[in-house]
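Here is the structure we will look at.
The values are calculated or read from the model by the stated rules, or taken from the named source; none is laboratory data. Note that the structure is predicted; figures quoted are calculated from it, not measured. Cβ coordinates were reconstructed from backbone atoms using ideal geometry, including for glycine residues, and neighbour counts include every protein chain displayed.
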Amino acid sequence: MLFVNGKQIRGVIFDIDGTLIDSFSAFTSVFNKGISQFDLRPVSQQFLVQSLRKGANLADLLRMIFPLQTDESLIERCKGEILQHFQKIEASEVKPFPGINELFWNLMNKGIKIGIATGRTSMPEHEWDRFKRFGLERLIDSIVTSREVASRKPAPDAIVECAKRMKVPIERCLIVGDTEDDIIAARKAGGIPVAILAREDHLDISESEQPEFIFENLIEFTLFLENKKGRGEIRFERVEGGKDMGLNRDLFNFSAKVACLEGYLYERKDADVSTLPNWVGNIDNMYRNLPAEIKGDFLEDYKNILEKILQSSEKILKKEDSVLTKLRSMLADISGNPL
């Protein structure tokens with residue numbers, strides 16, 4: 001069983017794009033190919049990601065880049081061609097993030113229901129087919145797309161409907177996403193928001209909408225569920241309410257991120273090293289942003305765990321790897337100027 005803030009968690013509702021699957025690279029390629037047929041210059045993936053995460057849909061994106069007086073029928077034609085081409089390549093080019101299988105099985109084994117609430121306006125059958133290709137459809141209890149509800153995120157409609165179909169009280173659900181809209185929608189729905197920062201270009205959600213938990217990736221989320229905090233642990237007292245609430249949340253997420261990485265790497269030769277640069281970099285950033293007056297409470301614990309992370313990393317990475325350089329630099333920094 002899993003308890004959060006005194007409540008037993010009975011369901012987890014996930015967003016799709018940027019949370020469970022990495023679709024942005026393929027979408028950017030298809031989008032630029034589509035607009036090139038109308039003599040428009042390509043746009044960056046960053047532009048598309050930021051626009052989509054602010055609530056723009058495909059038609060909105062096209063209106064941003066087509067000339068102001070463009071006939072709406074032309075935009076609809078371009079939109080149709082992009083969608084058609086994307087659906088053709090999606091099955092072969094869009095893959096889930098590492099750790100999705102372990103995470104879903106872990107939840108199922110704990111008796112926790114799994115739901116999907118996506119901002120996509122696709123047919124639900126299309127999304128069921130996607131998870132069937134991943135071999136995960138039998139683990140999912142409900143899928144709701146924005147086509148089935150009145151309003152898209154940040155409105156809570158899809159999340160509320162998903163919890164209803166799962167027959168789980170929304171206040172006993174973790175709501176997992178990667179954008180501000182996901183976190184806002186989770187809070188509006190009455191669920192417990194969780195952020196997965198699976199991409200390099202993720203938003204700095206920790207400073208915007210304050211989810212209850214922030215995980216670097218699906219692997220770290222699974223380690224949290226398994227309570228694998230590694231052989232070392234950073235300890236602090238949890239304080240509820242008041243101005244200390246945000247600091248307490250930052251401390252929890254920092255300590256969980258460090259300890260989960262140490263536990264993940266310990267005696268593991270098959271670690272997904274592609275996750276390490278962001279994971280290590282974000283640990284460093286979170287530590288630097290903590291108030292100096294509290295760092296002394298766990299400095300030795302932090303240093304000991306960093307040393308263990310470095311030792312484990314040296315066994316699976318090449319000597320010149322940038323992750324090793326970063327870890328050594330972090331250790332040197334806290335040894336020379338710890339606060």
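Here is a yes/no grid of residues against (1) touching a Lys or Arg at 6+ places or on another chain (Cβ under 9 Å); (2) within 28 Å of Glu226 (Cα to Cα); (3) aliphatic (A, V, I, L, M):
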residue	(1), (2), (3)
Lys79	no, no, no
Lys88	no, no, no
Ile100	no, yes, yes
Gly111	yes, yes, no
Ala117	yes, yes, yes
Trp128	no, yes, no
Ser142	yes, yes, no
Arg147	yes, no, no
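Kindly provide the set of residues from region 169-190 that are farther than 24 Å from Ala56 by Cβ and buried (at least 21 other Cβ atoms within 10 Å of the Cβ), ordered by number. Quick ask: steps written out before the conclusion?
Let us first name the residues in region 169-190 that are farther than 24 Å from Ala56 by Cβ, namely 169-174, 190.
Those that are farther than 24 Å from Ala56 by Cβ and buried (at least 21 other Cβ atoms within 10 Å of the Cβ): Cys173, Leu174.
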- Evaluation of Val43 against (1) without any contact (Cβ under 8 Å) to a residue 40 or more places away in the chain; (2) assigned to a helix (DSSP H, G or I) (one fails), failing number: (2)
- Identify the single condition in (1) touching a Ser or Thr at 6+ places or on another chain (Cβ under 8 Å); (2) closer than 20 Å to Ile219 by Cα; (3) in a loop (DSSP other than H, G, I, E, B) that Arg120 does not satisfy, given that it satisfies every other one. (2)
- Message: Please count how many residues of region 132-159 are crowded, with 21+ Cβ neighbours inside 10 Å and at pLDDT 95 or above.
- Response: 6
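Could you go through region 313-322 and let me know if any residue there is under 18 Å from Glu216 (Cα atoms) and outside the structural domain of Glu212 (by TED's automatic domain parsing).
Yes; the residues of region 313-322 include at least one that is under 18 Å from Glu216 (Cα atoms) and outside the structural domain of Glu212 (by TED's automatic domain parsing).
Quick check, is Ile21 surrounded by 13 or more Cβ atoms within 10 Å (Cβ to Cβ), under 21 Å from Ser122 (Cβ atoms) and in contact with a Gly (Cβ under 9 Å, 6 or more places away or on another chain)? Lay out the reasoning, then the answer.
Numbers: surrounded by 13 or more Cβ atoms within 10 Å (Cβ to Cβ): yes; under 21 Å from Ser122 (Cβ atoms): yes; in contact with a Gly (Cβ under 9 Å, 6 or more places away or on another chain): no.
So Ile21 fails the test.
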- From the list Leu58, Leu52, pick out the single residue that is buried (at least 17 other Cβ atoms within 10 Å of the Cβ), over 30 Å from Arg172 (Cβ atoms) and out of contact with any Pro (no Cβ under 9 Å at 6 or more places or on another chain). Leu58
- Of (1) more than 26 Å from Asp272 (Cβ to Cβ); (2) in contact with an Asp or Glu (Cβ under 9 Å, 6 or more places away or on another chain), Gly115 fails just (1)
- Message: It is to be established whether one or more residues within region 303-321 are at pLDDT below 90, within 25 Å of the chain's Cα centre (by Cα) and hydroxyl-bearing (Ser, Thr, Tyr).
- Response: no
